[in-house]
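Read the structure below first, then the notes.
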Amino acid sequence: MAKGEIAIDEMLCQSCGFCVEFCNQECIAIPENRLGPRGFPVAVFSVPDKCSACGICGWMCPDFAIQVFKYVESEANINQGS
Amino acid sequence: MGNGAIIKQQIVGKPKAVQLDFLPFKFCPGCHESLVWRALGEVIDELDIQGKAIACLDIGCSGILMVGLAVDGIHCLHGRSTAVAAGVKRVLPQAICFNIGGDGSLGAIGVGHVINVMMRSDPITTIFLNNSGYGMTGGQVAPTSLLGLRTTTTPEGRDVQSAGFPLHLSEIAATMKGTAYSSRVSVHTPANYQKARKAIKTAFLKQMDGVGYSLVEILCACPPNWGLSPLAANSFVEEKLIGEFPLGEFKNVDQIEYTVDPEINKVGRVKRG
Amino acid sequence: MADRRLLSGNEAIGWGAILGECKAFFGYPITPQSEILEFLATELPKAGGVFLQTEDEIAAVSMVYGSSMTGTRTMSATSSPGISLMQETVSLMAYLKVPSVIVDVCRFGPGSGMAQTSQTDYRQVTKGGGHGGYRCIVLAPSSSQECCDLIQLAFWLADRYRMTVYVLTDATIGQSCELVDLKTRDFGTLPDKDWVLRGLDERGGNRQGIHQHMWDYVGYHVDMNEKYREITENEIKYESYRMDDAEVILVAYGYVSRMAKGAVDLAREEGLKVGLLRPITLWPFPTNVLRELSSRARHILVVEHSSGLLVEDVECALQGKVPIHLLGIWGAHRRDSSGIIYPERIVEEIKQMENVAKL
């Protein structure tokens with residue numbers, strides 16, 4: 001069960017591979033056969049289920065391409081209705 | 001899960017003090033400078049000093065942060081950022097002045113200013129990016145280049161006879177009385193990144209407490225000029241760069257203690273009264 | 001009652017800086033400028049300013065740049081070799097339109113030269129000095145009183161036009177003592193310094209780039225040309241002495257202009273119709289004034305303690321319409337660096353010039 005998720009901005013990703021290297025859960029990959037919008041392979045959140053929301057890929061991304069979100073339970077949201 | 005709804009809380013994103021929308025490109029893939037950029041942004045956010053920080057940016061890749069950090073930035077000439085920061089701090093003591101420069105700027109052309117700022121104990125912070133070569137000009141030998149490193153101006157590798165030995169600025173800083181804080185960090189792993197962030201924060205705090213000069217040397221990978229892939233350059237930092245430049249805190253004092261001998265104070269060309 | 005004191009030119013510059021609300025000084029010792037540094041080390045902190053002796057002139061001008069960037073009135077003072085060291089940052093300040101005042105107490109050059117008087121920096125400072133094709137306003141006082149007044153004008157011009165203003169004196173003016181009326185001069189209102197960098201808080205969080213012309217170098221040069229034209233129209237200053245019926249015009253500045261004044265008086269006693277034009281702003285040069293005054297002149301004699309630098313601007317102004325003669329450094333009374341051009345030598349040159357013309 002995923003504890004969070006990440007969003008990768010493909011326009012910012014420069015395919016350095018740091019996120020793949022440092023992700024403990026092996027959630028990220030750079031598929032060779034898929035090109036990003038700038039014409040080279042970019043990082044993809046390939047195994048979302050295992051994400052532990054540790055944040056490492058986010059702060060080790062030199063290109064500010066990764067945002068990390070953690071799933072939290074919100075008491076406040078109950079009263080706000082749907 | 002309990003009764004509450006599940007919401008997404010952002011835990012890592014772009015720091016407030018970082019602005020991205022200025023250029024069509026940033027740094028080369030795998031460049032560590034942008035990790036330093038993030039760390040700086042996070043520290044500026046954390047200490048809430050965005051409004052009173054003044055960055056003096058040197059020439060070279062470090063100067064790109066001129067437009068990348070959302071603080072007041074002063075564009076400086078090659079090697080002069082230390083002197084400019086000292087000048088700003090003298091007339092505007094409430095500002096948080098820091099300068100960022102590479103090993104060409106602060107290790108070669110401007111090393112005299114760095115030593116003199118340490119000597120005068122100007123309460124400024126220097127972020128010294130050590131990537132073992134000149135980045136922007138295309139990989140020439142720098143004072144910090146490793147022995148044997150093949151650069152465009154030492155094509156057979158840096159040899160002692162012509163290019164001497166690597167410069168250890170953090171260790172020099174630690175020997176100076178006026179230095180409050182001197183440390184060498186790297187950003188090549190998540191743990192080291194956090195240490196680097198902490199070092200930058202400590203350095204800023206030394207300045208804010210008015211203790212004295214603070215220097216943070218950060219080992220940076222330069223994949224294009226080392227001719228390595230981003231990940232190989234990352235490993236090179238771990239395997240070789242740290243071997244020459246050991247990480248650690250070389251000086252950390254909360255107060256610089258000194259005394260003035262009253263007998264000496266009676267001597268001099270200018271007579272009292 | 002006016003505050004009247006016996007001051008050397010260098011001390012007068014220090015006083016003028018304090019009267020002109022200079023709040024920061026960064027400098028490095030060099031003969032014959034050191035008295036400015038020593039004077040301000042004592043007096044500037046009393047006036048609430050920052051004084052620092054730096055490690056070299058490059059650091060001094062870098063700190064001037066940083067300090068000016070925060071909107072503080074800042075100056076530096078040096079002598080000829082120091083001016084050369086400062087040029088890179090002066091060029092940067094020209095590009096980023098940062099005001100600053102730099103005093104050049106000229107010494108003998110080129111190279112390390114000698115610490116005695118000379119005017120060998122004329123071309124360097126009037127033509128900008130560094131790389132990139134910029135200009136700086138140059139003021140040339142000829143007395144302690146003018147040192148005190150013109151340094152205040154220099155601060156005003158620097159803030160008015162956002163550029164570097166040089167005050168070019170020489171060892172003779174710098175080291176000679178004269179009576180000075182210490183008076184604060186008012187030159188009019190100045191535009192707000194809306195470009196200063198003092199942290200985002202002071203501008204309500206708005207970030208502003210000082211790089212107004214980044215990536216638009218043509219725009220920069222077009223804008224600056226417009227500014228230079230405005231300065232040339234409005235800021236030219238000169239002094240003319242006994243010019244009414246002058247047939248021979250002396251052109252000189254700095255200490256040499258004092259000698260030339262003496263020469264005019266001596267020559268007039270002998271019945272020679274001689275006058276003096278002394279440019280006070282060396283850039284902008286009083287080209288049109290010289291052109292008008294020379295309409296009835298038979299000869300122009302440029303006197304300068306260098307090898308022919310001022311004469312270039314005079315030649316340029318007159319475009320061959322009047323014969324121009326030069327009495328340069330060879331007119332000094334000694335061949336070593338302590339030589340000075342005395343009035344008698346200038347009169348002798350005038351007579352010789354007239355005799356040659358009669359033949």
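Within the range B:33-76, can you find the residues that are within 12 Å of chain C (Cβ to nearest Cβ), more than 14 Å from B:Phe128 (Cα to Cα), buried (at least 23 other Cβ atoms within 10 Å of the Cβ) and not acidic (Asp, Glu)? Once the filter is applied, which keeps residues that are within 12 Å of chain C (Cβ to nearest Cβ), more than 14 Å from B:Phe128 (Cα to Cα), buried (at least 23 other Cβ atoms within 10 Å of the Cβ) and not acidic (Asp, Glu), the range B:33-76 yields B:Ile44, B:Ala53, B:Ile54, B:Gly68, B:Leu69, B:Val71, B:Gly73, B:Ile74, B:His75, B:Cys76.
Evaluate the following for B:Gly102: is it closer than 13 Å to B:Ile127 by Cβ, surrounded by 22 or more Cβ atoms within 10 Å (Cβ to Cβ), within 13 Å of chain A (Cβ to nearest Cβ) and in contact with a Gly (Cβ under 9 Å, 6 or more places away or on another chain)? When the stated conditions are applied, B:Gly102 does not pass them.
Within the range C:7-46, the set of residues being surrounded by fewer than 19 Cβ atoms within 10 Å (Cβ to Cβ) and of a type in the set (Asp, Glu) comprises C:Glu21, C:Glu38, C:Glu43.
Looking at the range A:1-58, which of its residues are over 11 Å from the mean Cα position of the chain (by Cα) and outside any loop (DSSP other than H, G, I, E, B)? Hits for the range A:1-58 are A:Phe18, A:Glu21, A:Phe22, A:Leu35, A:Pro41, A:Asp49, A:Lys50. One residue stands out among those in the range C:308-324 that are touching a residue at least 24 places away in the same chain (Cβ under 8 Å) and more than 23 Å from the chain's Cα centre (by Cα): the one that is nearest to C:Gly262 (Cα to Cα), which is C:Ile324. Of all the listed residues (C:Ser307, C:Ser295), the sole one being surrounded by fewer than 18 Cβ atoms within 10 Å (Cβ to Cβ), at pLDDT below 95 and part of a loop (DSSP other than H, G, I, E, B) is C:Ser307.
Reported count of residues in the range B:16-43, each being free of Cβ contacts under 8 Å to residues at least 40 places away in the same chain and β-branched (Val, Ile, Thr), is 0. Within the range C:100-117, the presence of at least one residue that is of a type in the set (Val, Ile, Thr), surrounded by 19 or more Cβ atoms within 10 Å (Cβ to Cβ) and over 24 Å from C:Arg258 (Cα atoms) is confirmed.
Can you find even one residue in the range B:19-33 that is in a helix (DSSP H, G or I) and either farther than 20 Å from B:Pro190 by Cβ or of a type in the set (Gly, Ala, Ser) (or both)? Reasoning before the result, please.
Within the range B:19-33, the first condition is being in a helix (DSSP H, G or I), and the residues that meet it are B:33.
Retained after the next criterion (residues that are either farther than 20 Å from B:Pro190 by Cβ or of a type in the set (Gly, Ala, Ser) (or both)): none.
Within the range B:19-33, not a single residue is in a helix (DSSP H, G or I) and either farther than 20 Å from B:Pro190 by Cβ or of a type in the set (Gly, Ala, Ser) (or both).
Among the residues of the range B:209-218, are any in a helix (DSSP H, G or I), over 17 Å from B:Gly107 (Cα atoms) and of a type in the set (Val, Ile, Thr)? Scanning the range B:209-218 turns up no residue that is in a helix (DSSP H, G or I), over 17 Å from B:Gly107 (Cα atoms) and of a type in the set (Val, Ile, Thr). The set of residues in the range C:255-292 being small (Gly, Ala, Ser), in contact (Cβ under 8 Å) with a residue 60 or more places away in the chain and crowded, with 18+ Cβ neighbours inside 10 Å consists of C:Ser257, C:Ala260, C:Ala263, C:Ala267.
Evaluating C:Met69 against the criteria (1) modelled with pLDDT of 95 or more; (2) within 13 Å of chain B (Cβ to nearest Cβ); (3) out of contact with any Pro (no Cβ under 7 Å at 6 or more places or on another chain) leaves one unmet condition, (1).
Among all residues of the range C:133-153, there is none that is part of a helix (DSSP H, G or I), surrounded by fewer than 20 Cβ atoms within 10 Å (Cβ to Cβ), of a type outside the set (A, V, I, L, M, F, W, C) and within 12 Å of the chain's Cα centre (by Cα).
The values are calculated or read from the model by the stated rules, or taken from the named source; none is laboratory data. Everything numeric here is computed off the predicted structure, so don't read it as measured data. For neighbour counting, all protein chains shown are included, and Cβ atoms are generated from backbone atoms with ideal geometry for every residue, glycine included.
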